[in-house]
Amino acid sequence: MSTPLIPPPPSPPKKRTVNARLKEEIFEDLKRYIAYAGGGDFSHFINEGLKRVFDQNPDFRPWAAAHPGTISDTRKKKAQAKPLQQPKTSPRRGTSSDASGHVARAESDSITGGAHADAVA
């Protein structure tokens, strides 16, 4: 078997998505830091910031080595969304008993400005 002169690129690292809520001032500072650093995305700066915390805490790595595989996801998975129930009384005239439009609009509003928004124009 022959060996190529230029090896193939490495596989991209495995990534997981998390949903985190940042204090408003932390989020604003994150956006400012990204602009200060010349641009980029939230994920890069959050990953690098956490790596720095883990590497600079002298007690963390020995603790992690002494506790391999003991960490599990302690949050309960969200229960399946229950379907909307019809009201026991009949709806008033001119109103809709279908609240799905309101739910979709609320979910859309909660996504706006989330962690995937552009930090730098």
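Where a number appears in this text, it was derived from the coordinates with a stated rule and is not lab data. Small disclaimer: the values here were computed from a predicted structure and weren't measured. So basically every Cβ, Gly included, is an ideal-geometry build from the backbone, and we count neighbours across all protein chains shown.
Answer rounded, prolate or oblate for the stretch 1-40, using the Cα gyration tensor with square roots of eigenvalues a ≥ b ≥ c: rounded when a/c is under 1.5, else prolate when a/b is larger than b/c, else oblate.
Taking the square roots of the gyration eigenvalues as a ≥ b ≥ c, the stretch 1-40 is oblate.
Could you sort 49-55, 65-71 so that the peptide with the highest average Cβ count within 10 Å comes first and the rest follow in order?
Averaged packing, sorted descending, gives the order 49-55, 65-71.
How large is Rg over Rh for the stretch 22-64, taking Rg from the Cα atoms and Rh as the Kirkwood inverse mean of 1/r across Cα pairs?
Taking Rh as the inverse mean 1/r over Cα pairs, Rg/Rh reads 1.09.
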